[in-house]
Amino acid sequence: MVSAFEEQGHSMVAQLMVMYLDDNAKGRLESLLGANWQRELIAMAPRVEQEVSRAKNRSMQPLQLTLFSVEDTEFNPQQHCPKNACSVGAVLESKKVLQENQFSNAQKKKALGYLMHYMVQLHVPVNTGLKRDMGGQKIYLKDGDLKDVNLAWIWNYDLYRRFETRWFSLAQEYFREMKDMDLSTWSESKMPQDWAFESHLLAREHVYPIATEGRYSAALIKEGQALLRTQLQKAAYRSALLINEALGS
């Protein structure tokens, strides 16, 4: 049941992303997925989460993360993504499949799901956190019942669960909010490497400091959900940018 909330979160990001696709990309997606391409695109969003969660696919787990050290000042592919085994590498490989004609429609469909999934992963700050604690996996806080809860679990699952609005309604709410925002700063760079390091800085500036008190507190929930809200909006908007670039030509 835990993963179900994150699966819905991926669907919400896909719903929001669709609103920022350009006409050329929409035409290509219709050719690829059929007349009901929007429904199919949103339905495929959580499938990678289901796939990664299966015990037999443990080898895919490193792709969930892009981790850094405290002294790092930028993304370095050899250091932070050896053999492309990180969320940044997964996004770049997925975009390549979408762009190049040598790949089949079946491969492109799978690449769409991967791109959407790993774009969410690299915008969840704890998933671009520190190597030394495996992105919060080695950090435990006390919840209200004085039970130990994992920081990575909080950010990847429980904060999603605590949103009170249904996911479809949340996508509409986010879109209305974004119409009044200047989104140009979110596209100053179109490189997933830069977006991952941006998320890492957010982890260092917000996620880790508020966890130092050792409690899964109301303050952590409030600040965490506010930060996660913006990061999910970024993930949707930037996913559309990549798909527009890959399919819009």
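Structural remarks
- Within the stretch 163-179, the set of residues being over 18 Å from the mean Cα position of the chain (by Cα) and in a loop (DSSP other than H, G, I, E, B) comprises E164, T165, R166.
- Matching residues in the stretch 215-246 - criterion: being assigned to a helix (DSSP H, G or I), touching a helix residue (DSSP H, G or I) at 6+ places or on another chain (Cβ under 8 Å) and either without any contact (Cβ under 8 Å) to a residue 12 or more places away in the chain or of a type in the set (F, W, Y) (or both): A219, Y237
- Filter result for M19 (under 18 Å from L247 (Cβ atoms) and of a type outside the set (F, W, Y)): yes
- For the stretch 78-89, a residue qualifies if it is over 16 Å from the mean Cα position of the chain (by Cα) and in a helix (DSSP H, G or I), and the qualifying residues are Q78, Q79, H80, P82, K83, N84.
- Qualifying residue in the stretch 192-202 (condition: among the small types (G, A, S) and closer than 20 Å to P46 by Cα): no
- Restricted to the stretch 180-220, and to residues there that are basic (K, R) and under 19 Å from the mean Cα position of the chain (by Cα), the residue that is surrounded by the fewest Cβ atoms within 10 Å (Cβ to Cβ) is K190.
- The single condition from (1) under 15 Å from the mean Cα position of the chain (by Cα); (2) over 19 Å from A106 (Cβ atoms) that R47 fails is (2).
- Odd one out for E198 among (1) free of Cβ contacts under 8 Å to residues at least 12 places away in the same chain; (2) more than 15 Å from F75 (Cα to Cα); (3) not hydroxyl-bearing (S, T, Y): (2)
- Residue that is outside any loop (DSSP other than H, G, I, E, B), within 15 Å of the chain's Cα centre (by Cα) and farther than 23 Å from A152 by Cα, where the choices are L92, L29, L41: L92
- Criterion violated by Q137 - all others in (1) without any contact (Cβ under 8 Å) to a residue 60 or more places away in the chain; (2) loosely packed, with under 14 Cβ neighbours inside 10 Å; (3) not in a helix (DSSP H, G or I) satisfied: (2)
- Residues that are under 23 Å from R39 (Cα atoms) and either buried (at least 17 other Cβ atoms within 10 Å of the Cβ) or under 20 Å from the mean Cα position of the chain (by Cα) (or both) do not occur anywhere in the stretch 141-159.
- Only one of the numbered conditions (1) touching a residue at least 24 places away in the same chain (Cβ under 8 Å); (2) within 22 Å of V149 (Cα to Cα) is not met by T212, and that is (1).
- Residue check for L67: surrounded by 14 or more Cβ atoms within 10 Å (Cβ to Cβ), at pLDDT below 95, under 18 Å from the mean Cα position of the chain (by Cα) and under 26 Å from S189 (Cα atoms): no
- Subset of the stretch 44-57 that is assigned to a helix (DSSP H, G or I) and touching a residue at least 12 places away in the same chain (Cβ under 8 Å) - its residue that is nearest to A240 (Cα to Cα): M44
Here is a yes/no grid of residues against (1) in a helix (DSSP H, G or I); (2) crowded, with 21+ Cβ neighbours inside 10 Å; (3) out of contact with any Leu (no Cβ under 6 Å at 6 or more places or on another chain):
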{"site": "S59", "(1), (2), (3)": "yes, no, yes"}
{"site": "E71", "(1), (2), (3)": "no, no, yes"}
{"site": "E74", "(1), (2), (3)": "no, no, yes"}
{"site": "N101", "(1), (2), (3)": "no, no, yes"}
{"site": "K109", "(1), (2), (3)": "yes, no, yes"}
{"site": "L112", "(1), (2), (3)": "yes, yes, yes"}
{"site": "M116", "(1), (2), (3)": "yes, yes, yes"}
{"site": "V120", "(1), (2), (3)": "yes, yes, yes"}
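The values are calculated or read from the model by the stated rules, or taken from the named source; none is laboratory data. What you see is a predicted model, and the numbers here were worked out from it, not measured in a lab. Glycine gets a Cβ as well: all are built from the backbone with ideal geometry, and neighbour counts include every protein chain shown.
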